[in-house]
Amino acid sequence: GNSVTQMEGPVTLSEEAFLTINCTYTATGYPSLFWYVQYPGEGLQLLLKATKADDKGSNKGFEATYRKETTSFHLEKGSVQVSDSAVYFCALTWGGSEKLVFGKGTKLTVNP
Amino acid sequence: EADIYQTPRYLVIGTGKKITLECSQTMGHDKMYWYQQDPGMELHLIHYSYGVNSTEKGDLSSESTVSRIRTEHFPLTLESARPSHTSQYLCASSERPVGGYTFGSGTRLTVV
């Protein structure tokens, strides 16, 4: 079945470090891919998305490129801030589905 | 500004009590979802609805029930709360999953 695998955390970085959170997927056809962010005590917010191969989603300095050849959608940011500390979820959906499939989440802590 | 509202944000309740977690959205979305989030962060789909009078059980078996009498309202009820129900409950809605979900801020339930 369709699934998402993302790197296990927790991830701890210093401010201004480079961030990569890996996400790979298994899906038939051409899924749409998402990254969500959950700040402490909050629900999830859509961070970025990509709906077809080679699309790049971007928002708030974060980027992810839909790579069909490697079935990946890795999240990157060039310089993290303390305020980026949160849990990040990779997710996918596919044509005809009414649901999103989520990864298990990766907790990021950024220290000053 | 949130377009999907969950109340209460926090609830501490005794074992055996009946509780209803409220979820309302103002976006006119047909599809709504309830997730249970464990302390390890993973999201588990427990209920979903494709529209009025439509409810389905999700991937994780739950003793809770839901109803969808109005498009905007998707409450979750526990007839007899137990400590094992202690968790965060997240409500979400979507127009089309390929557009992503909008999440509420969640209800953190503690059963003592």
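The values are calculated or read from the model by the stated rules, or taken from the named source; none is laboratory data. This one's a predicted model, so the numbers in the text were calculated from it and none came from an experiment. A quick note on method: Cβ atoms are made from the backbone with ideal geometry, for glycine too, and the neighbour counts reach across all protein chains shown. For accessibility, only protein heavy atoms count, side chains too; no ligands or nucleic acids. Shrake-Rupley method; radii C 1.70, N 1.55, O 1.52, S 1.80 Å.
Some values worked out for this structure:
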{"item": "Residue in the range B:46-67 that is facing chain A (nearest Cβ under 8 Å), free of Cβ contacts under 8 Å to residues at least 12 places away in the same chain and surrounded by 15 or more Cβ atoms within 10 Å (Cβ to Cβ) present", "result": "no"}
{"item": "The range B:9-37, subset open to solvent by 40 Å² or more (accessible area, probe 1.4 Å) and at the interface with chain A (Cβ under 10 Å from one of its Cβ atoms), residue nearest to the chain's Cα centre (by Cα)", "result": "B:Arg9"}
{"item": "Positions within the range A:78-112 being closer than 19 Å to A:Tyr66 by Cβ, of a type in the set (A, V, I, L, M, F, W, C) and out of contact with any helix residue (DSSP H, G or I) (no Cβ under 7 Å at 6 or more places or on another chain), in sequence order", "result": "A:Phe89, A:Cys90, A:Ala91, A:Leu92, A:Trp94, A:Val101, A:Phe102"}
{"item": "Subset tally (residues that are closer than 21 Å to B:Glu95 by Cβ, in contact with a Leu (Cβ under 9 Å, 6 or more places away or on another chain) and either surrounded by fewer than 15 Cβ atoms within 10 Å (Cβ to Cβ) or of a type in the set (Lys, Arg) (or both)) for the range A:61-112", "result": "1"}
{"item": "Failed item, numbered, when A:Ser58 is tested on (1) over 22 Å from B:Leu90 (Cα atoms); (2) without any contact (Cβ under 8 Å) to a residue 12 or more places away in the chain; (3) not in a strand (DSSP E or B)", "result": "(3)"}
{"item": "Complete set of residues in the range A:1-24 that are in a strand (DSSP E or B), within 21 Å of B:Tyr35 (Cβ to Cβ) and open to solvent by 10 Å² or more (accessible area, probe 1.4 Å)", "result": "A:Ser3, A:Val4, A:Thr5, A:Gln6"}
{"item": "When residues of the range B:10-42 are limited to those that are small (Gly, Ala, Ser) and touching a residue at least 40 places away in the same chain (Cβ under 8 Å), the one farthest from B:Ser105 (Cα to Cα)", "result": "B:Gly16"}
{"item": "Condition check for B:Gly40: modelled with pLDDT of 95 or more and more than 15 Å from the chain's Cα centre (by Cα)", "result": "no"}
{"item": "Some residue of the range B:83-102 being without any contact (Cβ under 8 Å) to a residue 40 or more places away in the chain, in a loop (DSSP other than H, G, I, E, B), open to solvent by less than 20 Å² (accessible area, probe 1.4 Å) and within 14 Å of chain A (Cβ to nearest Cβ)", "result": "yes"}
{"item": "Unique residue being touching a residue at least 40 places away in the same chain (Cβ under 8 Å) and at the interface with chain B (Cβ under 10 Å from one of its Cβ atoms) when the list is A:Thr24, A:Thr93", "result": "A:Thr93"}
